[in-house]
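The structure appears right after this line, and notes come after that.
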Amino acid sequence: MTYIAKPKLHHPALACNAIGFTRRDYEGKISTLCAGCGHDSISAAIIQACWELDIEPHRVAKLSGIGCSSKTPDYFLGQSHGFNTVHGRMPSVLTGANLANRDLIYLGVSGDGDSASIGIGQFVHAIRRGVNMVYIVENNGVYGLTKGQFSATADQGSVSKKGARGFSGDKQQLVPLIKAAIAHRGSAFLDVVSPCVAFNNHAGSTKSYDYVRQHNEAVNRMDVVPPRVEIAVEYAEGEAIEVEQHDGSVLRLRKLSASFDPGDRIAAMNYIHEHQARGEVVTGLLYIDRKARDMHQHLNTVAPPFNALSATELCPGTATLEKINASLR
């Protein structure tokens, strides 16, 4: 469906933000994901967050790897910069782009397989360096693009997701989290539980085809993915809610209360494990380092973007290079 262009006509009554853009100006192409996919809800939250923050689309650089999640940058911010890398290599490409031009807002979109399996090494180093970026993992516990193999984040028994930051169907919480991540200087990591409506297809999974067939009045054995209704929730801070998935399984979410202190890393980890033992997934702003420095501060780089420097400034000469090399021995 991405080959079908969205209509460019805008209704004159559409609301505009402070810089004169409507919400439609932050959209992309038509999604090719399964109807009801949580990933589309995340795209909608990104669109809403950027519109509310009055961000000029051309100031955003969106990067992704491989997978259903990594297809989604095509569906939002169509007027921004974009680069689709190979599987698991998005963090290093984003790091290089950030070094070349720090003036852009960097948005990395990845999946649980793209980040937690083949890309875990690059992901860890990007976070360690404090690259100024928003890193969103659209976490569904499966390799949906390659038809349902379980990923590194799939829980034993595939009953629920653990240690998440947000839920794709909770727009009321997700949009502010994305806005806060964009405003944060340094690495902002958002792990968003995003139910896969088509695949979670391994032995013992309550989302597998065999399980559904055994617990359903199936009229045929064809692997047809029916349209689904988007899962959306709304509940108050400090409360828990049970969210029924498309296959009948239940995801129990616990939203952080207003009194929770996200500045205490140890307390945050203990809180997550405590509620994990109860079968609950904690959502909200789990941890923030208010004194965090980004990569440019760590490396003491110059203020102008590298792509704005002249050849003379980028190549200071043999003597300077020898001095730099000597300092690294």
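The values are calculated or read from the model by the stated rules, or taken from the named source; none is laboratory data. Remember, predicted model here, so these are calculated numbers, not experimental data. These accessible areas exclude ligands, DNA and RNA; they are computed on the full protein's heavy atoms, side chains included. Shrake-Rupley method; radii C 1.70, N 1.55, O 1.52, S 1.80 Å.
A few notes on this one:
- Accessible-area value, Arg293, 1.4 Å probe, nucleic acids and ligands omitted, Å²: 120
- Solvent-accessible surface of the range 1-95, averaged per residue with a 1.4 angstrom probe and all protein chains in place: 47 square angstrom.
- For Val282, distant residues with modelled amide H under 5 Å away: Gly163, Ala164, Arg254
- When nucleic acids and ligands are ignored and a 1.4 Å probe is applied, Cys37 ends up with an accessible area of around 20 Å².
- Sequence-ordered 3J(HN,Hα) estimates for the range 28-36 from the Karplus curve with 6.51, -1.76 and 1.60 and θ = phi - 60° stand at x, 7, 6, 5, 9, 6, 4, 4, x Hz, glycine and proline given as x.
- Exposure ranking of His184, His125, His87 by accessible area [1.4 Å probe, largest first]: His125, His87, His184
- Once all protein chains are placed together, His298 keeps about 90 Å² accessible to a 1.4 angstrom probe.
- Residue by residue, the range 129-134 carries 3J(HN,Hα) couplings of 6, x, 4, 6, 7, 10 Hz when phi is fed to the Karplus relation 6.51 cos²θ - 1.76 cosθ + 1.60 (θ = phi - 60°); x denotes Gly or Pro.
- Share of carbon and sulfur in the accessible heavy-atom surface of the range 49-151 [1.4 Å probe, %]: 60
- For Leu77, the residues whose amide H sits under 5 Å from its own are Glu27, Gly28, ignoring neighbours fewer than 5 places away on the same chain, with H placed 1.01 Å from N.
- When each of Lys6/Lys71; Lys62/Lys291; Lys62/Lys255 is checked by Cα-Cα distance, pairs over 19 Å: Lys62/Lys291; Lys62/Lys255
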